[in-house]
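This report refers to the structure that appears directly beneath it.
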Amino acid sequence: MTSTATLTARPTESTSTPETGNGGKTCPSCGREHFAWSATCDTCRYRALPADVRRARERQKWQHRQARIKSGGSRVSRAARRAIRASGLCVYCGALADETDHLWPLSRGGPDSPENLVPCCGRCNRSKGQKLLNEWTEWDRVARGLFFSERVQQEISRLISEESATF
Ligand SMILES: [Zn+2]
Ligand SMILES: [Zn+2]
């Protein structure tokens with residue numbers, strides 16, 4: 001029964017939105033292949049919007065971006081991050097933790113989850129930056145983290161298993 005359903009559904013679909021070889025559609029407006037739900041691509045649909053709507057969307061996007069930068073690039077709730085900061089001192093140096101650090105940096109594919117966050121001071125956070133723990137040459141701070149934080153231990157284990165997997 002499913003085969004008949006797809007056979008009858010296919011032609012009606014393809015008349016409005018011609019499918020390309022990769023499973024995408026060809027935009028009737030710009031001719032590019034895209035994967036949006038509509039016939040026209042996202043870019044063309046966006047361009048077709050009134051200027052004031054576009055401006056409002058840009059502003060909103062900018063505000064969201066600013067909020068994300070302010071929050072240390074995390075979508076984890078403020079309350080959750082506050083709880084992580086309050087859970088201890090900076091795992092790397094023992095100073096007062098006024099920030100949270102993504103152990104596995106977001107920019108390197110790390111998850112934006114509370115499990116990937118540790119209490120951290122601003123100085124260590126800036127020093128570590130986008131580096132993985134095995135790339136950060138402040139070994140004394142990494143060692144302290146290993147000693148005091150289970151999360152740091154887990155991240156090191158992950159790095160070791162990843163490294164051995166490439167051999
Ligand atoms: Zn288009
Ligand atoms: Zn620190």
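Coordinate-derived values only; no laboratory data. No experiment lies behind these values; they were computed from the predicted model shown. Positions of Cβ are backbone-derived with ideal geometry, glycine not excepted, and every protein chain shown enters the neighbour counts.
Below, the figures for the structure above:
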{"quantity": "Under 5 Å, built H, 5+ apart or other chain: amide partners of G24", "calculated": "none"}
{"quantity": "At R0 = 41 Å, FRET efficiency that the Cβ-Cβ distance of N134 and A67 yields, to 0.05", "calculated": "0.85"}
{"quantity": "Vicinal HN-Hα couplings computed from phi for segment 112-129 (Karplus, 6.51 cos²θ - 1.76 cosθ + 1.60; Hz; Gly/Pro x)", "calculated": "8, 9, x, 5, 9, 10, 10, x, 8, 8, x, 5, 5, 4, 6, 5, 6, x"}
{"quantity": "Under 5 Å, built H, 5+ apart or other chain: amide partners of D101", "calculated": "V118, C120"}
{"quantity": "Those trypsin sites (Lys or Arg not before Pro) in segment 71-119 that DSSP places in a loop and that have at most 13 other beta carbons within 10 Å", "calculated": "R75"}
{"quantity": "Listed peptides 111-124, 30-43 by packing density, highest first (mean Cβ within 10 Å)", "calculated": "111-124, 30-43"}
{"quantity": "Most to least packed among 95-106, 52-63 [average Cβ atoms within 10 Å]", "calculated": "95-106, 52-63"}
{"quantity": "Nearest-0.05 FRET efficiency for R45 and E163, computed from C-beta distance (R0 45 Å)", "calculated": "0.50"}
{"quantity": "Global form of segment 79-118, assessed from the alpha-carbon gyration tensor, a/c cut-off 1.5", "calculated": "oblate"}
{"quantity": "Cα→Cβ-extended label distance, 7 Å offset, between T26 and A143, nm", "calculated": "6.5"}
{"quantity": "Neighbourhood net charge (14 Å Cβ-Cβ; Lys/Arg +1, Asp/Glu -1) for R54", "calculated": "+3"}
{"quantity": "Residues whose placed amide H lies under 5 Å from that of Y92, excluding near-sequence neighbours", "calculated": "C121"}
